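Only the coordinates and a few stated rules stand behind these numbers; no lab work does. The structure displayed is predicted, hence computed values, not measured ones. Heads up, the Cβs are rebuilt from the backbone with ideal geometry, glycines too, and the neighbour counts pull from every protein chain shown.
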Amino acid sequence: MTRPAEILTALAVGAGFGAATSLVNALSDSYADFESRAYTTSGWSIAEIVSVLLDSGWAWAGLAVAVGWLITRAREGRPSAPAWGGALAGALALLAATAAYSIVDTIRSGGQLPWYTSEPPLWWVASVVLGAPLGAVGACVKRPGAIGLLARLTVPVGAAVQMVVLPPGRNEVVQAIGRTVVWTAAAVSVGFIVVRFLLVERRRHPQAAAESP
């Protein structure tokens, strides 16, 4: 059963991520010069690149996976409990992130409408429908074998795939920079994860063979 402290952790991390994403978006807008044709078609800024990366689907999915891992990492001896705890944590984190993003956006824009109406209902539903399985994936990160390997590869592989299918960015330059950053980080992450997995498996199998009768 998920502890109250774990629930608070999931909510706090999610809210921090959502608020940070909204604030970085605002910083990005402050550097933008949309009245300039050159900037519109080929301009970019570091703030905009960070904004594009944080506001991408893979980053929000990574939030759910990370929170699922975060609150269950100390429960490795209870394989069923972490999966359920991770699923709950992932959903709560994305709900909190969506709420915080909406609240900060509403405050920044001086909106008169309630913050909870500023986001389409789809995002609230997606927070639960996608957050739960992603959080469960995060809970499996520390598991040995193929399950743990696949869980660890979920975010970098998903990020790389999104850059192919739906690269974020308002122009080709921003998209190209975003692709380069994400593909580089994904390649390094996948390489590190696979090499570490092979080394752990290499050490584990001789030890298991030595202990068998």
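General observations
- The charge dipole of the chain, taken about its Cα centre with unit charges on the Cβ atoms of Lys, Arg (+1), Asp and Glu (-1) only, comes to about 960 debye.
- At q = 0.23, 0.34 Å⁻¹, base-10 log of I(q)/I(0) for the range 149-192 (Debye sum, equal scatterers on each alpha carbon): -0.72, -1.16
- The rule of thumb for compact globular proteins, 2.2 N^0.38 Å, goes into the C-alpha radius of gyration of the chain 1.17 times.
- A straight chain from Leu27 to Val181 at 0.36 nm per residue would run longer than the Cα-Cα distance by 53.5 nm.
- Quarter the surface of the alpha carbon convex hull of the range 103-168 and you get the mean projected area, 6.2 square nanometres.
- Between the residues Ala26, Val67, Thr180, the greatest Cα displacement towards the positive end of the dipole of the chain, with unit charges on the Cβ of Lys, Arg, Asp and Glu, is found for Val67.
- Charges were assigned to the Cβ only: +1 to each Lys and Arg, -1 to each Asp and Glu. The resulting dipole of the range 105-203 about its Cα centre is roughly 500 debye.
- The Cα atoms of the range 123-208 give a gyration tensor whose axes a ≥ b ≥ c have a/c of 1.5 or more with a/b no greater than b/c, which makes the shape oblate.
- Difference of contour (0.36 nm per residue) and Cα-Cα distance, Leu150 to Val128: 5.8 nm
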